[in-house]
Amino acid sequence: MSPVFVLRWSLRDLRHKWIQVAAIALVIAIGTGLYSSLSGTSVWRRVSNDASFAAAGMYDLRVRSTEGLDAPQGAMLEVLDGLDDRSVVHDAEERLVVGTQVDASAGEQTILVPGRIIGLDVADGGPALTKAVVGDGDGRILNDDDDGRPRAVLERNFAEFYSLDAGSTLRLGGGAVASVDVVGIGMAPEYFYVTAEEGGLFAEANFAAVFMPLTTAQQLSQRPGRVNDLVISLRAGSDAEAVRAEVQQLFDESTIGLGVTVMTRDDDTTYRLLYDDIESDARFWRIFAALILGGAALGAFNLSARMVEAQRRELGIGMALGSTRRQLAVRPMLVGLETAMASVVLGIGVGTLSVALIRPIYAAALPMPVWITDFQWMPFARGAALGFAIPLAASAWPVWRAVRMTPVDAISTVHRNSRSGMSTLLRRLPWPRSAFRRMPLGNVLRTPRRTLLTAVGLGATIATLVAILGMIDSFTGTMFGNEAEVLGEHPDRVVVTLRSVEVEDADVVAAVKGSASVGEVSPVLQVGARLAPATSASNGGVEGAESVGFDVVLEALDIDGGVWHPTVSGDVTHPGIVIAQSAADDLGVSIGDTVALTHPARTASGFTTTTSEVEVVGIHPSPFRFSAYVDRSMLPAFGADRLANELFVVPAVGATAADVQRELFDLQGVGSAVPARASIDILRGTLSEFTGIFRIAEAFMLLLALAMTYNTTSINADERARERATLFAFGLPVTRVVVLEVGEGLLYGVLGTAIGLGVGAGITDWLMKSVWRSTMPDMALDTIISGTTVATAVVLGVVAVSVAPLLTMRRLMRMDVPSTLRVVE
């Protein structure tokens, strides 16, 4: 046979089976496309971070003064004149950064939060460093005309959470003016991600950064002509650490008296988190993408192999007519090659579509001024290489088996493996005796290899889908449980943060208790601490504890009463610490064991850091490892008897959380008053954004499962064409034959779904307990497979596969029985 003839013949096969070929190519394309888009997220984030920080003018060095101190405008810049090489400084700008209270209430919405005024130099068209970048439709940036006027750009994370737009008005607590006009909604490099230092764990809900012209900030803070912050950009190629050390020395030796700390950009929490988070996220998405690609690969392998096996008789006829094995193998291999090429083309389309769908999710979850989400060719090339090889390998295996058979065995229209196959089990089954009723089960048992391939291919698809849905279930289930724990018996609770550490009977505490809108009040002392195994502190105390363990937020509260307290498993009647289950697992301790707690302690000269060995007296159910609690009765041991920097407040009868916020807004000594529900709301939003990627993957996996189901039915129709024609020849009606096919599909579906559910649950558990914990050690998720997930798997794996034969009814009704039964065309 000439090469042209073989090519034309393979193209004829392609036209005849184009739907099957397209479905197999689509299965592979979904795997390779999602693999490329998910694997490429780390590249997106890195280049987007670089571009965003550059666009917003991220500093190389920041000179930060001690809280409460300031200097005359221009004095901080003059210190830089003492550098050995002044030209190393490319640009430098002074700022004024002061704390404030922000009232952004509008209509019935009460928004009262702590905030920060950032005064920027707007001369010559605006600041060059740490500027607030305003996007299209979000107003405008600050300019020379705004200097000295009550105008500001509001930080975007806060504005989006409360749906605030340019044109709104803010009131700053304790200020000299009643209001500030918002001219734009912007993003500044230090607030791309609002960190706990600025406003708590979920800070975008309870912290507002307000960017103003420097003169305006000086007027509102009643610090005319003063500055307290300096940001610096360096000449390209400069050694930032060396310059930092020199600048620090210059300020230490100067008479400016600000007690400054000189930071590099790596010391900025937002900058560090956004870059450090890339690799941990990348590992998670690579594993997840590989699961999707693996599931698609197994499914496509099964479909390709069965499609070629359906041509076994044609290969046998060719051998009987004298064709060589090599000649016969070329034709089906060409179809496999064509399928592989189609999968690559479709994979580019799926990858491009998934990038377009994922991009807005990332932009919402991590708002930055620049997002670069180009199609990543390297991850796609790796996935496409596997996708290209799958149809070829799947075609080569059955072709190799077929050409090694004798022509009579290949042409045979009956099965010859009844003794060696599992069909011998049929003879021992007591029911049913009807040959037709036993036929579906007989077909499944008679061809164990085909049955296993089909079940595993379907099971791989279902397992990947269950893993995706299981991740969503685990996130939502864990967070709903945490919501109930956080809100407790008083879901309207308000968390009041004091500006400084106070005693329980301080004036500010008494003023809060005496407010008309305030009911029950519980004092809380919240400090940063560190947990480590007790043995780490046995030789040197603090030094050993710092080298092992992890940071926690330690809250001293009335652990057996008060407005709110955690649900505790254990005995809290004697002194000790209550930690999360994930913290106990990581430390290798249980109730009754001892841990090393590194914490602030009050002394005669102030506060110092020390390490104490404390007993674990309880475990709380929070998924967050960093949450830890002690009873207030332990405070004397820390030198902090009766101290508090937070108050848990329940509104008085007839009052609301908003009433409490408004009444405490201008109260001296109160830093903020935020409803406890605010953290829940933002957690829900963050969860929704994060799981949005899983929803996209879910949609593609549903499409993949449907393509698998259809192709399985179509290939099965080709394989069983002679059997169906034989049944018609013996007088069986079409409906009876379809019922038999439905029964067989039901058996395949049950077997494949059982495999998929079992493997999918195992993958979900592994993802939660191993991959997720290594990626996000501070957050532990329960492994949850919901009833909805199981139902979805059953519908796709059992119901869809069972009813799929109905799609072939028209084809059966139009079947030419004599032609189908003919052995040689």
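For the range 385-401, taking the residues that are among the aromatic types (Phe, Trp, Tyr) and within 17 Å of ARG325 (Cα to Cα), the one that is least open to solvent (accessible area, probe 1.4 Å) is identified as TRP397. Of all the residues in the range 636-649, those that are surrounded by fewer than 18 Cβ atoms within 10 Å (Cβ to Cβ) and more than 22 Å from GLY669 (Cα to Cα) number 3. Residue check: is GLY299 within 30 Å of MET405 (Cα to Cα) and under 27 Å from the mean Cα position of the chain (by Cα)? In short, yes.
Considering the range 775-794, the residues that are in a helix (DSSP H, G or I) and surrounded by 13 or more Cβ atoms within 10 Å (Cβ to Cβ) include one that is modelled with the lowest pLDDT, namely THR775.
List every residue pair whose Cβ atoms sit under 6 Å apart, with the two residues 6 or more apart in sequence or on different chains, where the first one lies in the range 799-818 and is more than 15 Å from ASN716 (Cα to Cα) and modelled with pLDDT under 80 and the second, anywhere, is of a type in the set (D, E, K, R) and not in a helix (DSSP H, G or I). Going by the 6 Å Cβ cut-off, there are no qualifying pairs. Does LEU315 count as in contact (Cβ under 8 Å) with a residue 40 or more places away in the chain, aliphatic (A, V, I, L, M) and open to solvent by 60 Å² or more (accessible area, probe 1.4 Å)? Judged against the criteria, LEU315 is not a match. Does the range 572-588 include one or more residues that are part of a strand (DSSP E or B), touching a residue at least 24 places away in the same chain (Cβ under 8 Å), touching an Asp or Glu at 6+ places or on another chain (Cβ under 8 Å) and not polar (S, T, N, Q)? Scanning the range 572-588, I find at least one residue that is part of a strand (DSSP E or B), touching a residue at least 24 places away in the same chain (Cβ under 8 Å), touching an Asp or Glu at 6+ places or on another chain (Cβ under 8 Å) and not polar (S, T, N, Q), so the answer is yes. Considering the range 497-550, the residues that are among the polar types (S, T, N, Q) and farther than 25 Å from GLY561 by Cα include one that is modelled with the highest pLDDT, namely THR535.
Among the residues of the range 130-165, those identified as open to solvent by 60 Å² or more (accessible area, probe 1.4 Å) and either touching a Pro at 6+ places or on another chain (Cβ under 6 Å) or within 29 Å of THR264 (Cβ to Cβ) (or both) are LYS131, ILE141, ASP147.
Taking (1) under 23 Å from PHE480 (Cα atoms); (2) of a type outside the set (Ser, Thr, Tyr); (3) open to solvent by less than 60 Å² (accessible area, probe 1.4 Å) in turn, ASP681 satisfies each apart from (3). Here ALA754 fulfils each of the conditions (1) modelled with pLDDT of 80 or more; (2) exposed (fewer than 15 other Cβ atoms within 10 Å of the Cβ) apart from (2). Against the conditions (1) closer than 23 Å to ASN49 by Cα; (2) over 18 Å from the mean Cα position of the chain (by Cα); (3) of a type in the set (Phe, Trp, Tyr), PHE251 satisfies every one except (1).
Within the range 238-270, the residues that satisfy the criterion of being open to solvent by 20 Å² or more (accessible area, probe 1.4 Å), of a type outside the set (Val, Ile, Thr), more than 17 Å from ALA92 (Cα to Cα) and not in a helix (DSSP H, G or I) are SER254, GLY257, GLY259.
Within the range 98-126, the set of residues being more than 33 Å from the chain's Cα centre (by Cα), open to solvent by 20 Å² or more (accessible area, probe 1.4 Å) and in contact (Cβ under 8 Å) with a residue 12 or more places away in the chain comprises ASP121, ALA123, ASP124, GLY125.
Is one or more of the residues making up the range 671-687 closer than 30 Å to THR464 by Cα and part of a loop (DSSP other than H, G, I, E, B)? The answer is no, given that none of the residues of the range 671-687 is closer than 30 Å to THR464 by Cα and part of a loop (DSSP other than H, G, I, E, B). Of all residues in the range 202-221, at least one satisfies being of a type outside the set (A, V, I, L, M, F, W, C), assigned to a loop (DSSP other than H, G, I, E, B), more than 30 Å from ARG677 (Cα to Cα) and modelled with pLDDT under 90. Among the residues of this structure, PHE284 does not count as one that is aromatic (Phe, Trp, Tyr), surrounded by fewer than 20 Cβ atoms within 10 Å (Cβ to Cβ) and not in a helix (DSSP H, G or I).
For the range 574-616, taking the residues that are more than 32 Å from the chain's Cα centre (by Cα) and among the polar types (S, T, N, Q), the one that is surrounded by the fewest Cβ atoms within 10 Å (Cβ to Cβ) is identified as SER605. Could you go through the range 449-458 and let me know if any residue there is polar (S, T, N, Q) and in a helix (DSSP H, G or I). Yes, because at least one residue in the range 449-458 is polar (S, T, N, Q) and in a helix (DSSP H, G or I).
The values are calculated or read from the model by the stated rules, or taken from the named source; none is laboratory data. The structure displayed is predicted, hence computed values, not measured ones. Glycine also receives a Cβ, built like all others from the backbone with ideal geometry; neighbour counts cover every protein chain displayed. These accessible areas exclude ligands, DNA and RNA; they are computed on the full protein's heavy atoms, side chains included. Shrake-Rupley method; radii C 1.70, N 1.55, O 1.52, S 1.80 Å.
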